[in-house]
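Engineer: Once you've had a glance at the structure underneath, I'll fire off some questions.
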Amino acid sequence: MSKLQALLFENVNKREVSDFCEGVGGLVAVTENMVYLVRGGLLERMAIKTYAIKSISSIEIRKPNMLTNGHFQIITSGNVDRTKRFSTAFDYAKDENTVMVKANCYDHFVRLEQLIYKFRDKALEPALEEAPTTQSDDVFAKIEKLASLKERNIITVEEFEKKKEELLSQI
């Protein structure tokens with residue numbers, strides 16, 4: 001077990017971790033609600049950065065090439081990506097939200113990205129559903145149905161007015 005893994009499992013229950021992968025000088029671990037980025041190298045103090053799944057707006061993953069490692073960068077809502085359009089691998093290596101990726105573990109990082117998006121979509125699902133109706137919304141919907149029944153001569157005008165008054169008194 002590497003030092004990065006040991007630090008992770010000192011702070012996070014191993015059973016909660018769905019998947020993790022170690023890159024160059026860093027490690028990314030995913031649970032159902034959190035993403036942990038553990039960094040630490042020869043000249044860098046080891047530290048854990050945590051991200052709530054819901055706060056992750058995107059992930060940038062770049063495949064390694066013959067000259068440089070790739071990278072796995074987490075971008076959260078409200079935080080600005082400090083790397084620029086034409087950033088080098090050295091810029092990404094210094095970024096605290098990035099883990100450098102070797103060619104032999106690139107596919108595993110792609111699976112981590114997919115897992116994070118899956119958990120994030122699941123976590124955001126209830127927020128995407130229709131907001132619960134309030135009592136007043138329910139009352140007005142019932143009055144609209146009654147008006148429709150009155151227009152089709154299923155109920156009388158008097159029945160409609162009486163029921164409408166009852167419903168409006170509930171607000």
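The values are calculated or read from the model by the stated rules, or taken from the named source; none is laboratory data. Only a predicted model underlies this, so the values are computations on that prediction, with no experimental measurement involved. Here the Cβ is made from the backbone with ideal geometry for all residues, glycine too, and neighbour counts use every protein chain on show. Ligands, DNA and RNA are stripped out before the accessible areas are found, and what is left, the full protein with its side chains, is counted by its heavy atoms. Shrake-Rupley method; radii C 1.70, N 1.55, O 1.52, S 1.80 Å.
Engineer: For Asp19, what residues show an amide H to amide H distance below 5 Å, using hydrogens built from the backbone and excluding near sequence neighbours?
Structural biologist: Amide H neighbours of Asp19: Val30.
Engineer: Which value, in Å² and to the nearest 10, is the accessible area of Ile59 when all protein chains are kept and the probe is 1.4 Å?
Structural biologist: 20
Engineer: What are the GluC sites (Glu not before Pro) within segment 1-68 that DSSP puts in a loop, where the Cβ has at most 15 other Cβ atoms within 10 Å?
Structural biologist: On the way: sites: Glu10, Glu16, Glu22, Glu32, Glu44, Glu60; in loops: Glu32, Glu44.
Filter output for segment 1-68: Glu32, Glu44.
Engineer: Count neighbours as other Cβ atoms within 10 Å of each site's Cβ, and list the trypsin sites (Lys or Arg not before Pro) in segment 142-171 that are DSSP loop with at most 15 such neighbours.
Structural biologist: Of the trypsin sites (Lys or Arg not before Pro), the ones in loops of segment 142-171 whose Cβ has at most 15 other Cβ atoms within 10 Å are Arg152.
Engineer: Over segment 1-50, with the other protein chains present, what is the accessible area per residue in square angstrom, probe 1.4 angstrom?
Structural biologist: On the way: 2960 Å² over 50 residues.
Per-residue accessible area for segment 1-50 comes out at 59 Å².
Engineer: Report, as a whole number in µm² per second, the diffusion coefficient that Stokes-Einstein gives for segment 1-79 at 20 °C and 1.002 mPa s using the Kirkwood radius over alpha carbon pairs.
Structural biologist: Rounded, D is 160 µm²/s.
Engineer: Give, as ranges by residue number, the residues of segment 1-33 whose backbone N falls under 12 Å from the point 7 Å along Cα→Cβ of Leu115.
Structural biologist: 15-22, 28-33
Engineer: What percentage of the solvent-accessible surface of segment 15-75, computed with a 1.4 Å probe over protein heavy atoms, is contributed by carbon and sulfur atoms?
Structural biologist: Roughly 52 percent of what the probe reaches on segment 15-75 is carbon or sulfur.
Engineer: Using a 1.4 angstrom probe on the protein heavy atoms only, line up His108, His71 by accessible area, largest first.
Structural biologist: His108, His71
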